[in-house]
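The values are calculated or read from the model by the stated rules, or taken from the named source; none is laboratory data. Every value quoted in this text rests on a predicted model; they were computed, and no experiment measured them. Glycine also receives a Cβ, built like all others from the backbone with ideal geometry; neighbour counts cover every protein chain displayed.
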Amino acid sequence: MPSVLDSTYVYKKVVVADNASTDDSIDFLRAHYPQVELLINKKNEGFAGGYNWALAQVKADYYVLLNSDVEVMPGWIEPVIQLMDSDHNIAACQPKLLAYHQRDEFEYAGASGGWIDKYGYPFTRGRVFDVNEKDLGQYNDPRPCFWATGAALFVRASVYHEVGGLDAYFFAHQEEIDLCWRMQLAGYKIYVQPESVVYHVGGGTLPKGNSRKVYLNFRNNLIMLAKNLPLSHAVYTLFIRFILDAIAAWKGMLTGDPGYFWAVFRAHWGFFRWMILEEKLKNKERKSLPQLEGVYKKLILVDYFLKGKRKFSEIMSPNS
């Protein structure tokens, strides 16, 4: 909170949306930061539903969805707003995300812009699977990308509401990828502006390896593919993904992590439940992934696990 309030952007308004916390967060904020507006939700609707609930009450040209486990630089807002003001087709944009505890290293959640491969596996400029690169200035150019991180997500408010906001069914994890995908399908652009820098702790809500996190990541990724791909592409892609997911699950079991195994298979059941009970195929404007920005037209698993490519620059041109 201190670094956010020290931001130099004149036209900012800081709002804290409390998602039914059970600790002393509200009392602490009222005592130490009385200038901050509080929105207090009576139930925990997750990252996605909580933001939808809060942003319905906030009037602004731009929203900045900002995690609580970040530190921002004083001038972090201006470069992003200048970029988005220069092109009204940019619907969402992220800063460069670096690790709070290793400040010369990209952070897992967003690094320098999100990408996706043809089978739905997300990665970033600066992080491929679990390998975070050192920030040597190699990804410092503002570029279009496929998705922008939800840890520090600048969004054009009108477009956020136009496309229906975050999908509350996701609860948490990959909801920002789905949002950015729908924005691209609606004709808008997603960008990264590395002149803005945010340091992110990460893993505060659900730590890495948590079975709930594994479940949500696998389930939501499958839902996202079914929602946004053309039907013929979705059927083929999901078939391949079920096979690849099963391999990942059995690898977890055979390496002594049965929790991972069951989380993946519960995710598949959760996906089929969504298909039966929730799926409404709202998104009629579908395009194949290669028609969109920030898409790797191959399977990144092959490059990473078989070819040993660990850096974005080894898989794609650094200027991609």
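Here are some notes:
- Put simply, of ARG125, ARG143 the only residue that is within 24 Å of THR237 (Cα to Cα), of a type outside the set (Gly, Ala, Ser) and in contact with a Pro (Cβ under 9 Å, 6 or more places away or on another chain) is ARG125.
- Cβ-Cβ under 7 Å pairs, at least 6 apart or on other chains, segment 253-278 side closer than 17 Å to VAL235 by Cα and in contact (Cβ under 8 Å) with a residue 60 or more places away in the chain, far side buried (at least 16 other Cβ atoms within 10 Å of the Cβ) and β-branched (Val, Ile, Thr): TRP274/ILE223
- Selection status of ASP130, at pLDDT below 95 and not aromatic (Phe, Trp, Tyr): yes
- Set GLY270, GLY308: member being of a type in the set (Gly, Ala, Ser), under 30 Å from GLN193 (Cα atoms), out of contact with any Cys (no Cβ under 8 Å at 6 or more places or on another chain) and at pLDDT 95 or above: GLY308
- Filter result for GLY252 (at pLDDT below 95 and farther than 24 Å from GLN102 by Cβ): yes
- Any hit, segment 236-243, residues being part of a helix (DSSP H, G or I), at pLDDT 95 or above, closer than 23 Å to ASP167 by Cα and touching a His at 6+ places or on another chain (Cβ under 9 Å): yes
- Options GLY164, GLY202, GLY150: the member that is assigned to a loop (DSSP other than H, G, I, E, B), out of contact with any strand residue (DSSP E or B) (no Cβ under 9 Å at 6 or more places or on another chain) and in contact (Cβ under 8 Å) with a residue 40 or more places away in the chain: GLY164
The rows are residues; the columns are (1) farther than 23 Å from PHE146 by Cα; (2) aromatic (Phe, Trp, Tyr); (3) assigned to a loop (DSSP other than H, G, I, E, B); (4) modelled with pLDDT of 95 or more.
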{"residue": "ILE247", "(1), (2), (3), (4)": "yes, no, no, yes"}
{"residue": "PHE261", "(1), (2), (3), (4)": "yes, yes, no, yes"}
{"residue": "VAL264", "(1), (2), (3), (4)": "yes, no, no, yes"}
{"residue": "MET275", "(1), (2), (3), (4)": "yes, no, no, no"}
{"residue": "LEU281", "(1), (2), (3), (4)": "no, no, yes, no"}
{"residue": "ARG286", "(1), (2), (3), (4)": "no, no, yes, no"}
{"residue": "PRO290", "(1), (2), (3), (4)": "no, no, no, no"}
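- Some residue of segment 235-244 being touching a residue at least 40 places away in the same chain (Cβ under 8 Å) and surrounded by fewer than 16 Cβ atoms within 10 Å (Cβ to Cβ): yes
- Extreme residue, farthest from the chain's Cα centre (by Cα), among residues of segment 58-81 that are within 18 Å of VAL159 (Cβ to Cβ) and not hydrophobic (A, V, I, L, M, F, W, C): LYS59
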